[in-house]
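Structure, as C-alpha cells:
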Amino acid sequence: MREDDRWAIEDQGVPSLDLMETAGIALAGKTESLVQAGQRILVVCGKGNNGGDGLVAARILGERGHEVETVLVGGGEGVTPDSKVNLDRLGSLRDAPDGRIGEILPDFEVVIDAIFGTGFSGEPRDAAAAAISSLNEASSTVIAADIPSGVNASTGEITGSAVEAAATVTFHMSKIGHWVAPGRWVRGDLEVAPIGIPSGAPAIPYAGLISDRVLSLPPTRSAASNKFTAGKVVICGGSRGLTGAVCLSATAAIRSGAGYATVVVPAELEQIFEVKLTEVMSVGCPSREGVFRGAAEEQIVAACEGADAIVFGPGIGREPSLERLLRSLISRLSSPLVIDADAFQALSGALALISERRQPTVITPHAGELARLLEKDSTQVAEHRLESALEAARISKAVVVSKGDDTIVTDGDRIAINPFSTPGLATAGTGDILAGMIGAMLSRGLDPFEAACVAVKAHSRAGLAAVDRVGVDSVIAGDVLDAIPEGLKR
C-alpha cells in the first residue's frame, strides 16, 4: 500500500491531498449509512495521515448537516503536513493530549476511529492506548478508518490493545490485517473504497485471498478416464476409538474426485472399515490393541506404493511407541504426502525431518498442533498466526495449511488466506475431511500449493452449504461430506 501511494503521488502525479480527500469522503459515506436521525458523531484522530482521513470525514459530515465533534489524540505537535492542511480546513476541534475521552463518549452514538492506520506496528502507548481503551469501553458504534487502531495491517497481530470496530472502511485494497486473526476479529464489516490510485500500480501484493477461481484448477474427468487415472489416494491411520477419522478422510477423497481410495489400517480394526466404507478398499497391517506395531512398517510402505497421494495420520493414535514408526514412514513414503492430526506427535521439534523428503508434502496443523511442531506456546502461535505459518513452511520446506477461521496456506513464499468465515466447521472431523480433500487434489495432479488452496476453498464452501441446510450449531462432519459437491461447483 505504501508503494502504491508513492507510485500514485510521485510517478503518476496524483496530489496526496486528493487521495486523502477521497478517502475521507468514503469514510463519511459509510458513517452516514450507520447513523440514525438525531445521533451525534465523534471523530477521534491521531497525528498521522489516518487522522487526516478522519479530519476530512468530520468536515464532510458537518457540511452534510450532521452534528459532529472531532478530537485530536496526543496534542497538535507532529501532525503530518497533509493532516495539518485538513486540520486548518476543519477549524474547531477538541484536544485530548492524554487520550482520555471516556467522559465525552456517552454523548456520541457513532464514533470514527482514525487514530492509527496501516503504517502502525507495535503496541499503542500513552494517549493512544488510553483512547483505544475508552473506545472499547463505550457503547458507541465504532467505524474504523482503514484498519482498527492497534492492528498491524501487515500481519493481523495485536500487541496490547486494538479498537473493536463494528465496520471498517479501507482504502484502495484490503490488507492482510483485515483477514488474519486476531485483526480479522475486530474489523467488523469490511468495505473497500477506491480513492483515486490509478490502475496498473507495479507493487506486487505480499499475499492473496483464495478466490472461487481456484475451483477451475482441478481437471475434469473425460471419456478416456478410469478409476486409476482419476487419482489414487491412500489414507493411512486409525486406532481403537478413532476409526471415524480415517473414514471421513477417505470418503472426502473420493467425493473430491479421486478415482480410487485405499485405507491402510490396524489389522485388528480392518473389519470396521470394511463395514463402514463401501466404496473404499482396505489393507490391514500388524497391530496390538488397535494400534500399529513397528512390524507394520514394511506392509504400510508396500500398501502405499503407486499412490498418487497419501494422507497420513488421521486417527493414528498418540501412543509414545508410535513415534519411531511414524518418523520412519514419513521419510520412506515416496508419494506426495498430506500429514495430519495424530501424526504431528512424531514431529514435535522435528519439522526439519520433512524437508528431507523428495516428494511434496502438505501439513495441516491447527494452532495447538503448530505450537507443538514449533515447540512454542500455543498463545504465542495464536498471536502470530502468519509468522508461525511462514516459519513452519521454511523449516519443513512443505506447504503449511494453518487451520482456523482465517486458514492460511503458505509454502514460505506465497501466502493465500481463506476469506470465508465458517464457524460451522468448528466441529470434530472436519479437519479429517480437509486432509482427504487435499489428498484428492494432489492425486489429480495439482501442485501442493494449488491443491491446498482448492481444498480449503471447497471445504469452506461445503461448510457454508451445510450451515444453510441444518444451521450453524447443528453441523456435523457428515453434513460437510454431503456438501462437498456443492463446495466444488465451479
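The values are calculated or read from the model by the stated rules, or taken from the named source; none is laboratory data. Only a predicted model underlies this, so the values are computations on that prediction, with no experimental measurement involved. Positions of Cβ are backbone-derived with ideal geometry, glycine not excepted, and every protein chain shown enters the neighbour counts.
Just one of the listed residues (Ile330, Ile316) is assigned by TED's automatic domain parsing to the domain that holds Val265, of a type in the set (Val, Ile, Thr) and part of a loop (DSSP other than H, G, I, E, B), and it is Ile316.
Taking the condition of being in a helix (DSSP H, G or I) and farther than 18 Å from Pro148 by Cβ, how many residues in segment 13-27 meet it? Residues in segment 13-27 being in a helix (DSSP H, G or I) and farther than 18 Å from Pro148 by Cβ: 8 in total.
Within segment 245-280, the set of residues being outside any strand (DSSP E or B), of a type in the set (Gly, Ala, Ser) and under 27 Å from Ala455 (Cβ atoms) comprises Ala245, Ser249, Ala250, Ala252, Ala253, Ser256, Gly257, Ala258, Gly259. Looking at this structure, is Val283 assigned to a strand (DSSP E or B), surrounded by fewer than 19 Cβ atoms within 10 Å (Cβ to Cβ) and assigned by TED's automatic domain parsing to the domain that holds Gly436? Yes: the conditions hold for Val283.
On the basis of being of a type outside the set (Lys, Arg), farther than 24 Å from Ala166 by Cα, in contact (Cβ under 8 Å) with a residue 40 or more places away in the chain and crowded, with 20+ Cβ neighbours inside 10 Å, does Asp53 make the cut? Criteria not met by Asp53. When restricted to residues that are more than 24 Å from Ala309 (Cβ to Cβ) and either assigned to a helix (DSSP H, G or I) or among the charged types (D, E, K, R) (or both), segment 422-440 contains 2. Applying the criterion of being among the β-branched types (Val, Ile, Thr) and surrounded by 24 or more Cβ atoms within 10 Å (Cβ to Cβ) to the residues of segment 28-50, the residue that is farthest from Asp146 (Cα to Cα) is Ile41. Just a yes or no: is a residue in segment 279-301 of a type in the set (S, T, N, Q), closer than 26 Å to Pro360 by Cβ and free of Cβ contacts under 8 Å to residues at least 40 places away in the same chain? Taking every residue of segment 279-301 in turn, at least one turns out to be of a type in the set (S, T, N, Q), closer than 26 Å to Pro360 by Cβ and free of Cβ contacts under 8 Å to residues at least 40 places away in the same chain. All conditions in (1) farther than 30 Å from Ala201 by Cα; (2) β-branched (Val, Ile, Thr); (3) surrounded by fewer than 22 Cβ atoms within 10 Å (Cβ to Cβ) hold for Ile25, with the sole exception of (1). Of all residues in segment 465-490, those being crowded, with 19+ Cβ neighbours inside 10 Å and in a helix (DSSP H, G or I) number 11.
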